[in-house]
1. Quick check on packing: order 77-86, 166-175, 208-217 by the mean number of other C-beta atoms within 10 Å, highest mean leading.
2. Let me spell out the model: positive unit charges on the Cβ of Lys and Arg, negative unit charges on the Cβ of Asp and Glu, origin at the Cα centre of region 170-290. What dipole size does that give, in debye rounded to 20?
3. Please list, in chain and number order, the residues 5+ apart from ASP26 or on another chain whose amide H is under 5 Å from its amide H, with Hs placed from the backbone.
4. Kindly work out what percent of the DSSP beta bridges joining two residues of the chain are antiparallel, to the nearest 5.
5. Would you be so kind as to identify all helices of the chain, as entire DSSP H runs, whose Cα atoms reach 15 Å or more along the helix's own axis and whose mean Kyte-Doolittle hydropathy is at least 0.0?
6. How do the peptides 287-294, 110-117, 94-101, 226-233 rank, highest first, by the average count of neighbouring beta carbon atoms within 10 Å per residue?
7. Amide H of HIS256: which non-local residues (sequence gap of 5 or more, or other chain) have their own amide H closer than 5 Å, using H built in the peptide plane?
8. Which of rounded, prolate, oblate describes region 114-187, given a ≥ b ≥ c as roots of the alpha-carbon gyration tensor eigenvalues and a/c under 1.5 marking rounded, otherwise prolate only if a/b is larger than b/c?
Amino acid sequence: MAFRLLLFTCLAFISCQKESFNTCTDTRSLHESFTYPLGVAYEPNYANSDSSYQAISKRHFSRWTPENVLKWSSISFQPYQYYWEEADAFVAEGLAAGKLLHGHTLIWYRQEPSWLGTLSLNRQGWEELLRTHIRTVMTRYVGKFSSWDVVNEAFLEDGRLRPCIWLTHLGAEYLFIAYEEASKADPKALLFYNDYGMEDNPAKLNAVLRWIDQMRERGIQLHGIGLQMHVLLHYPNLGRTGNTFFRLAEKGLKLHLSELDVALNDPMKPGEKPSALLLTQQAYRYQEIIRMYHSLPTRAKFGITLWGISDRYSWLRTPEKPFESPLLWDENYQPKPAFCAFAR
Ligand code: XIL
């Protein structure tokens, strides 16, 4: 109750407050103003050819998530064979820079190797494959990644389980098997379930909460939930989002805002560049989300992770949306108003 009151007071405060985001200094690292880790999705391919990318990820962020190099399709091109070069380089670079490392992601219906679809196995074979993949990746990096997104995006918007190769062959059991194997592979790592849209979708949230109860009944470890938070200016609804934060924290779970970015393409038209007004609105949006997250109890705050550094490389910038600008630095690494929302 106290938390709910605090949350609503914060929301009221946010809507009355007007601040300018046009000037702020970047004399200290962003993460130093936070009492919990501030993370970023890190892509070694960009870092190798772009010194600004590398400098900013080292200076301003205390935790790195591999944007792609740890996904199954990035580490295995042939059945049961692993290629570790890029993932190992990510780990070595992150640890040398003194960063916490968050593993992303072991099981996801996308970015799976194409050879998975060519296998013909019985149920036991599929279970062994699932377990072996999780065990192989996690044990290679024991003590290096302190936390993992074990399964990503397993639920549909209506709360049913998303069709995927694992659901086809193992049924709903696959989710339990995945977490059981993950906690055996690295008993000290914090295990997360990661997904989008739960914050503003009671059907999906309730389904995930029911599954969490089942995990507990079976005694299987789950430490936290990753809310991806690929948000827009007007979605999700912040009242419902705050309520979701509260319900997850109340269950004793850690909360990770795991892939935060604020897209502008709605209302900006695809061919348009963002106006100063839109960039300021984006800064407010970031600020509202950060403040809501701040008001959670300390034990629930696993951290906030931004899904990239410069708009130049954002996954949301596509040929159809060439000026999408969801991050804190523009394509020339100039800090945007959104940067100022983090710098105070
Ligand atoms: C994205 C990466 O940012 C892109 O580079 C890649 O092409 C596709 O995947 N949800 C997730 C992330 O959990 O892994 C996705 O990352 C973005 C959506």
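1. Highest-to-lowest ranking by the protection proxy: 166-175, 208-217, 77-86.
2. I would put it at about 180 debye.
3. Under 5 Å from the amide H of ASP26 lies no amide H from a residue far enough along the sequence or on another chain.
4. That works out to approximately 10 percent antiparallel.
5. On the way: long enough: 2-16 (21 Å, 2.05); 85-96 (16 Å, 0.30); 123-140 (26 Å, -0.94); 173-185 (18 Å, -0.10); 202-217 (22 Å, -0.47); 238-250 (18 Å, -0.25); 276-294 (27 Å, -0.26).
Taking the DSSP H segments of the chain (at least 15 Å long, mean hydropathy at least 0.0), we get 2-16, 85-96.
6. The packing order, highest mean first, is 226-233, 287-294, 94-101, 110-117.
7. ILE225, GLY226, LEU227
8. It comes out oblate by the Cα gyration axes.
All of the numbers you see were taken from the coordinates with simple rules; none came from a lab. These numbers come from a predicted model, not from an experiment. In this analysis, Cβ positions are derived from the backbone assuming ideal geometry, glycine residues included, and neighbour counts consider all displayed protein chains.
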